[in-house]
Amino acid sequence: MTPKKRLNILFADDGSQHAQAAVELLNDIPLPPNSRITVLHAFTSGQVSLIPEYERTLERTKEQLSKRHFRVETELKLGPAAEMILEKAQEKKPDLIVLGAKGLRATAGFLLGGVAQHVVEYVCCPVLIVRAPYRGLQHILLVSDGSEHSQRAARYLGRFPFPEHLDLRVMHVLPPIRRPIMMEPYYGAWQTVYAQLPTREEEAAIEEREAKIGHALLKRTSSLLQRQGLNPTSVLSRGDAATEIIDYATMHQLDLIVAGSRGLSEFKGWWMGSVSRKLVHYAKCSVLIVKGPRKE
């Protein structure tokens, strides 16, 4: 396997159960020696009285992580959490940002808190959203659509220091067979007209052609990972991409989903594609979104 370089990690710790799960995860992965972890806790002016408690939380986290001989530094910052994380990321240029899916004050029923949502949308580097409880990091799913963003995620995954005996799967989702429709004017309005459906033979030929393309894509991604010393299993599915991925991850009790994400101009606001965004919001396991540099 390719030697792993030491990592520079920014960890946003708010003392929640998801943040504690992130600490367990960081302690579980074989990070290269001298990897640096910056632990950040942000607070508002209304929480000044809680500073001693926050300092104890940071010290406890530092103690937990220092047992693995990581270079750990902590910082308590006054300001909105998402804004402080993005500001620190700009300063530190981390290889990875780690944060819990929800903070202590997250709205019940939501799978993703506002801070995590803001950070994963606007930051310029890979982001690992950790969900509690932490059960290990053995069963990983890389999703690929054949784009450069997916290939970047595969390369990042190949360099990441996962534990031994990794169960790695690579998944590609074919689009559903769409029924062709047309719209035509009808008494001042529009009506839907369904075009002639393909015959069973034609539909089978379409499915076979698309499956061949899907298998070729999976083979190309698997070859990239094999060159990094990994041995992935290919999974080909058909349907709505986000739904298929989330259902598969839930059914097989996977620990982590890894996906690429496109980078847009900073003037366009939204960075992630719709599939990546749905995975971050609705997957029940942790999600790693691999982003490239911002495009000017």
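For the ranges 90-101, 21-32, what's the packing order if you count other beta-carbon atoms within 10 Å of each residue, average per peptide, and put the highest first?
Ranked by mean Cβ neighbours within 10 Å, highest first: 90-101, 21-32.
For ALA242, what is the net charge nearby, where nearby means another residue's Cβ is under 12 Å from its Cβ and Lys, Arg count +1, Asp, Glu -1?
Net charge in that neighbourhood comes out at -2.
Find out how many positive minus negative residues lie around ARG131, taking Lys and Arg as positive, Asp and Glu as negative, among other residues whose Cβ is under 11 Å from that of ARG131.
For residues surrounding ARG131, the net value is +2.
For a quick check: with amide H placed at 1.01 Å from N, whose amide H comes under 5 Å from LEU96's, ignoring anything fewer than 5 positions away on the same chain?
HN-HN under 5 Å from LEU96: ASN8, LEU10.
Can you grab the distance from the C-alpha centre of the range 195-241 to the C-alpha centre of the range 150-176, Å, no decimals?
Value for the Cα centre distance between the two parts: 16 Å.
What's the FRET efficiency of SER147 with GLU63 using the Cβ-Cβ distance as r and R₀ = 41 Å, to the nearest 0.05?
Efficiency computed from Cβ-Cβ geometry: 0.45.
Each label point is 7 Å from the Cα along the Cα-to-Cβ direction; what then is the distance between the points at GLN17 and GLN228, in nm?
Calculated label separation equals 3.2 nm.
Between SER49 and GLN138, 0.36 nm times their residue separation minus their Cα-Cα distance comes to what?
Extending this stretch completely gives an extra 28.0 nm.
Each reported figure results from applying straightforward, stated rules to the coordinates on display, with no laboratory input. Since the model is a prediction, treat every value here as computed from it, not as a measurement. Neighbour counts run over all protein chains shown; Cβ positions are idealised from the backbone, glycine included.
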